[in-house]
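Colleague: I'd like to ask you about the structure that follows.
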Amino acid sequence: MNKDFKLPPALPKLLTSPSTLAENLSTLVGQPLNLSGKTRTDGSNNRKLIASTLENFKLPDIANASDFEIVPPKKKGLPKITREFIDTYMVTSGTSYNLQVWNRIPASDTLLIKYTTGESLKCSDVRFVFSNIDIDKQIISSILVLTPDYIEDHFGKFGKPTIKHQLLISTIERNKIYNSKDRILLYPDTQKIQSHINSDFDSPSMDMAEEPKMDELFSIEAIKEKVAKKLIGQKLNNAATKNRGQALERMVLNLLGYKTKDDSLLYGGFPDIKNQLLEVKVQDSQTVDLGMFTPESEEIVFSHLGVSTFDIRYLIALTNPKTETIEGIILSPGKCLGDLFSYIANKSYKCQRSIPMDFFNKYSGKSVFNPKD
């Protein structure tokens, strides 16, 4: 496969539309594809065949190396044909096809490529190209170009693996925060929280570990004024990350008006400050450990309130690893963290979704995009 297919397009808008991709790949329907029985070999041959076919048509211009940044470490989760943001799959036999997507949650808005223009390409932008193979005739019987949203809408959500999640904050974004006026990146609360928040800032009447009451939540703007601004320039004890995290949490609790002692037990659950739906993190490297909960995908946290990982507020202190001084703050609901930052996992993982074979077979002889019938 041409090495240029490993490079991203100059801009997201230059990607060939998925309907045009289906039209361009229609020449493959009826073409031979001899299977060796070796999954990797056959998959590679299929991908090379699709790539060589795309070369017969106008391709997006390639981005200059200085104009973009690949966000995930080691390019994990990036589609194989990056130039057209395509991953390819082969469908052969059985009653259902088990789609496996490695190192990304397909329908999420997690960043994969960030452009200096501010534009980006995300997991949800990847197009899936399926070659349905007639194994008796050893030919491609149909081509289907599907989007992650289409797959979830028609066949259900992708299974989410149990993994330890991390948030990757690039040096570029970190420096932007440091160079901003108040060194605080702020995103407003979600609509769900905004409709209940307390616009006045009074000392809390409840314990920090008590169930939150929606009409007693402080707004994220109030948390900025009362807490975040006062944290800038503060120094955390030079200790293990866990201890520094606890020290930061105590600082935040005291600034919010909760009564704590240096040796008092913290909540230890999710979110850290349960009563205010506030998760507190320290970051002195590129990654922030998120644990078992991640706002990369929506997951209900408090069912009786309808509050999800999207609504939880995150306060992330950006510290200088040498001085332990807090030099910047990110204050954002979980839903917005993926707008500038990327989610990664501490090990390789896969998301799976079963698709009935009948779905592929009914488009025999065709090349289609997100079919409606």
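Derivation of every value follows stated rules applied to the coordinates shown; laboratory data play no part. What you see is a predicted model; the values in this text were computed from it and never measured. Please note: Cβ atoms are built from the backbone with ideal geometry, for glycine as well, and neighbour counts cover all protein chains shown.
Colleague: Which shape class, rounded, prolate or oblate, goes with segment 250-344 when its Cα gyration tensor gives a ≥ b ≥ c as root eigenvalues, a/c under 1.5 marks rounded, and past that a/b bigger than b/c marks prolate?
Modeller: In terms of gyration-tensor shape, oblate.
Colleague: Measuring from label point to label point, each 7 Å out along Cα→Cβ, what is the Lys48 to Glu225 span in nm?
Modeller: Here the modelled spin labels are 6.5 nm apart.
Colleague: Using the alpha-carbon centroid of each, what span in Å lies between segment 105-129 and segment 217-235?
Modeller: Segment 105-129 and segment 217-235 have Cα centres spaced 31 Å from each other.
Colleague: Step by step: find N for segment 1-52, compute 2.2 N^0.38 Å, then divide the Cα radius of gyration by it. What's the final number?
Modeller: Expressed relative to 2.2 N^0.38 Å, the Cα Rg reads 1.35.
Colleague: What distance in nm separates the two pseudo spin-label positions at Ser203 and Asp373, each 7 Å out from Cα along the beta-carbon direction?
Modeller: Placing both labels 7 Å beyond Cα along the Cβ direction yields 7.1 nm.
Colleague: Please quote Rg/Rh for the chain to two decimal places, taking the Kirkwood radius as Rh and restricting both calculations to Cα atoms.
Modeller: 1.05
Colleague: If you don't mind, there's one more thing I want to ask. Please order Val227, Val91 by the number of other Cβ within 10 Å, starting at the fewest.
Modeller: Neighbour counts put them in this order, fewest first: Val91, Val227.
Colleague: Take every DSSP beta bridge with both residues inside segment 166-345 and express the antiparallel ones as a percent of the total, to the nearest 5.
Modeller: Counting only bridges with both partners in segment 166-345, antiparallel ones make up about 65 percent.
Colleague: Give me the percent of DSSP beta bridges within segment 255-373 that run antiparallel, rounded to the nearest 5.
Modeller: Counting only bridges with both partners in segment 255-373, antiparallel ones make up about 60 percent.
Colleague: Highest first, please rank the peptides 285-291, 67-73 by the mean number of other Cβ atoms sitting within 10 Å of their residues.
Modeller: The packing order, highest mean first, is 67-73, 285-291.
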